[in-house]
Every structure is written in C-alpha cells, then in structure tokens.
1. For the stretch 361-375, how many residues are modelled with pLDDT of 85 or more and more than 15 Å from TRP238 (Cβ to Cβ)?
2. Residue under question is SER70, and the condition is that it be modelled with pLDDT of 85 or more, open to solvent by 30 Å² or more (accessible area, probe 1.4 Å) and among the small types (Gly, Ala, Ser); does it hold?
3. Considering only residues that are at pLDDT below 90, under 22 Å from GLY176 (Cβ atoms) and in contact with a Phe, Trp or Tyr (Cβ under 7 Å, 6 or more places away or on another chain), which ones fall in the stretch 2-30?
4. Is it true that SER152 is under 26 Å from TRP90 (Cα atoms) and either acidic (Asp, Glu) or open to solvent by 10 Å² or more (accessible area, probe 1.4 Å) (or both)?
5. Restricting to the stretch 411-428, give me the number of residues that are in contact with a helix residue (DSSP H, G or I) (Cβ under 7 Å, 6 or more places away or on another chain) and not in a loop (DSSP other than H, G, I, E, B).
6. Go through the residues of the stretch 233-247 one by one and say whether even a single one is hydroxyl-bearing (Ser, Thr, Tyr), more than 19 Å from ASP24 (Cβ to Cβ) and without any contact (Cβ under 8 Å) to a residue 40 or more places away in the chain.
7. How do the helices (runs of 4 or more DSSP H) wholly within the stretch 271-388 filter down when requiring 2 or more residues that are among the hydroxyl-bearing types (Ser, Thr, Tyr) and open to solvent by 10 Å² or more (accessible area, probe 1.4 Å): which remain?
Amino acid sequence: MKVKGLRWFIIGLIFLATVINYIDRSALAIMWGNENVEGSISKSLGLNKNDYGNILNIFMVFYALGQLFSGKLFDKVGTRIGYVISIGVWGLSSFLHSTVRGFLSIAFFRSTLGISEAGNWPGGVKSNAEWFPIKERAIAQGLFNAGASIGSVIAPPFIAALFVSYGWRITFMIIGSFGILWIVPWLFVNKAGPKKHPWITQEEQKYIIEGQSKADQSATEHTKGLSLKEILSYRESWAIVVGRLFLEPIWWFFVGWMPIYLFDVYGFNVKEVGAFAWVPYVGAAIGSIAGGYVSGQIISKTNSINKGRKTTILIGGIIMLFGLVASVFFATSPERFVAIVFVVLFGFQFAIGNVQTLPSDLFSGKSVGSLAGLGGMVGVFSVIIMNFLVPLIAEISYTPIFIAIAVFVPLGVGAIYYFARNIESVEK
C-alpha cells in the first residue's frame, strides 16, 4: 500500500496530540475558580491563588526539565517511540488528577504531567525535520503550533461544559483518556521514517530528501548527534536559547493567567471564562498557519532561509508589541481585552513557529531535538520567574506585567538577529 502525502498524515497526528496536550494542561486553570465559585477545584480543596501560583510553577519546573530530557530522549529512541512514552505518561497523569485530595497530590501529578507534556515540542520539531523539506518546515511547524491554539480554543467551552455536567474529577478522567487512545493510530501510521516507511511513494520520498540539508541527507541510523557543549559552541544556537528566553513568557502568561485575570478583574465564573477565553486562540491558530505560509513563500521566491525566517519573526514581533501596548491603554472591558489578546497571540504564533524551526535549519536531525529541548527549557525557566512575580504584582495591578512582557518582544527578536547573522546549516 502506498499513501500519497504521507508526511501530512504524520503532522496531522502530531497536530491532534498537541490539541490534546493543551486541553489537558488548560483544565486546571479553567476549573480552578476561587473560594466564591461553587464546585471549583479551589473551593473543593480549600486552596487559594498563591497555591495556584506554586502549583503552576511546579508544573513549569518539571516542564522545563522535561524539555531538555525529552529532547535527548527523542534524539536517542526516535520520534515514534518517543511520542508513545511522552503522551502515554501525560495521559495517565491527567487522568489521575481526578484522585487528588490536596496540594501535595495535585502538585505531584502536575509534575508528572509537566515532564511528559514537554516531549511534544522537541518531538514535533524533530519529526518535522525528518518528514519535511526545509522550505515546508515552517508551515509544518505552523500546523503543529496551531494544535496548541485549537486546543486552547476548544478547552474553555469544552471543559466548562464537562465541569458543569459532571464536576472536575470526572472531567479529568475524560480528557486524560484522549492521549492514551491517541497512541493506537500513531503506532499504526508512523511505522518508520521517510527513508524506510513502507507506505511512502517514491515521489514523496525523493521530494523530502532532496529538500533537506546535505547533513540530513547523509545522516544514517548510526549517525551520532552533537553534545550540548558542541551545539552551544556555535553562535547561532544562542539565537534560539536567548530568543526563547524572552519570547516564551508572552505566550505562557496568557495560557496560565488569563482565566485568573478574568476571574479577578471582571468577576467571571467558570462558565463565563469558557465563553470568553477561547477567542484569542483563534487568532493564535490563524497566526500559526499564516507565519508558516509567509515564511515558506519568502524562501521559495528568494531561495534564502535567512530572509524567510527573519522577516516573518520581525513581522510577528511588531504585531505582538503593538498588541501588548494596546492592552495597557485600551483594554477597558472584557470584550476589548479579549480582542487585543487575539492580536497579541496572532503575532506570537506568526513568529514563534519560525523560531522553533531554527534548530532544524542549523543542525541535522540527530541534534535537532537536543537544541529544541534546550531552548524550550531556558524559555520555561523565564516563565517560572514570571509566575513567582505575577501573584505579587497582581495584588496591586496587572499593568506592570503587560509592560514587562512588551519589553521582552524587541529583546527576543533582537537576540535572533544578533546571534544568527545568517540562518543556514552550520554542519557543512
């Protein structure tokens, strides 16, 4: 049996895994509520906003460590088995949230969720490097990232509806089952890489391999990846590390704190959060696809990876910056706030797909997961610092937080321009 466009089936499954990933991680924030929300996690377990901040940071610490660990894991065992391990553990962890009785038990399962969910990102970048030619990697990454946005669109109304009907414990059981079930089609479809997959057509195989770098073309199963020390000896690697250090907090602030912001500032309940919080992620999904498309078009017309990646990242940065400034001066109602965040997350995803593609532009497949994981880990540690500060600052005002993440935009985009003078394969 031969399947035309097999690479799109592979990225389709990873897109679905990413949707599940964001449904699972969003559930806690949506059902957390506060002491006034009947049946919420906060009220049921007698926990407060400071407990939420600590639990969020426990998740983020293990998520950060998971980025580095899983990057190495995927480089060692490959994407097929790497995804089975990652999504199997996170699906079970999400399911077992239904059994928690207090701070310690919920913190434990957030830690196992964090370390396993992290694998989706270096795994996705690595899979795209294997299955797509260079000019299509940004659109593949855009589809992959759109899964995060679509998951965030689906999660608020879906989880709110489950919460209202069944309560938070049953909700965790339902959503935790999704990841475990996903493993079945993944193992069935993803039998091997494009060089050996029995279903791939000769035309697609040739198209993929000829569109990759010379280092990727010559790589075999026995090719060894570079160590982190060797990877960081290249100046270009620091574009990813420093760029993600500044850019990641922008996304994670809205993922982790937007429902809490709506509870605090506008007095929302869980059902109202479900009605509003999904809207900005529509903008993020559109930005993911648009950023990949624009980058691919520029590369095709100019034959320059450097121009395609940098131009798209710059456009996304400008959109983000204008949106964050607007959030300070014009977000005077929940409707305006949600509309502004729509623009911010569009800009973020327009840019970040190309940032996440950089490891595969610079290195061959055996090192891609390691660099992607390292960049993710550093970015998440900056988010952890932010999560410690947000509850303290929010007691007075959320405005300084919006100003701070607005400043991060030029710092992150500037780092990519500064360290990666020319984006091309460093392995000659």
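The values are calculated or read from the model by the stated rules, or taken from the named source; none is laboratory data. From a predicted model like this one, the values you see are computed outputs, not experimental measurements. Note: ideal-geometry Cβ built from the backbone for every residue, glycine included; neighbour counts use all protein chains shown. Each accessible area value is taken on the protein alone, full model and side chains, heavy atoms only, with ligands, DNA and RNA left out. Shrake-Rupley method; radii C 1.70, N 1.55, O 1.52, S 1.80 Å.
1. Qualifying residue count, the stretch 361-375: 1.
2. no
3. none
4. Considered against the rule, which asks whether it is under 26 Å from TRP90 (Cα atoms) and either acidic (Asp, Glu) or open to solvent by 10 Å² or more (accessible area, probe 1.4 Å) (or both), SER152 comes out as no.
5. 7
6. Yes, some residue in the stretch 233-247 is hydroxyl-bearing (Ser, Thr, Tyr), more than 19 Å from ASP24 (Cβ to Cβ) and without any contact (Cβ under 8 Å) to a residue 40 or more places away in the chain.
7. 279-302, 305-329
Quick grid of which residues meet (1) in a helix (DSSP H, G or I); (2) under 21 Å from VAL61 (Cβ atoms); (3) open to solvent by 10 Å² or more (accessible area, probe 1.4 Å); (4) in contact (Cβ under 8 Å) with a residue 12 or more places away in the chain:
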| position | (1), (2), (3), (4) |
| --- | --- |
| ILE81 | yes, no, yes, no |
| GLY88 | yes, no, yes, yes |
| PHE95 | yes, no, yes, yes |
| THR112 | yes, yes, yes, yes |
| ILE115 | yes, yes, yes, yes |
| PRO122 | yes, yes, no, yes |
| SER127 | yes, no, no, yes |
| GLU130 | yes, no, yes, yes |
| ALA140 | yes, no, no, yes |
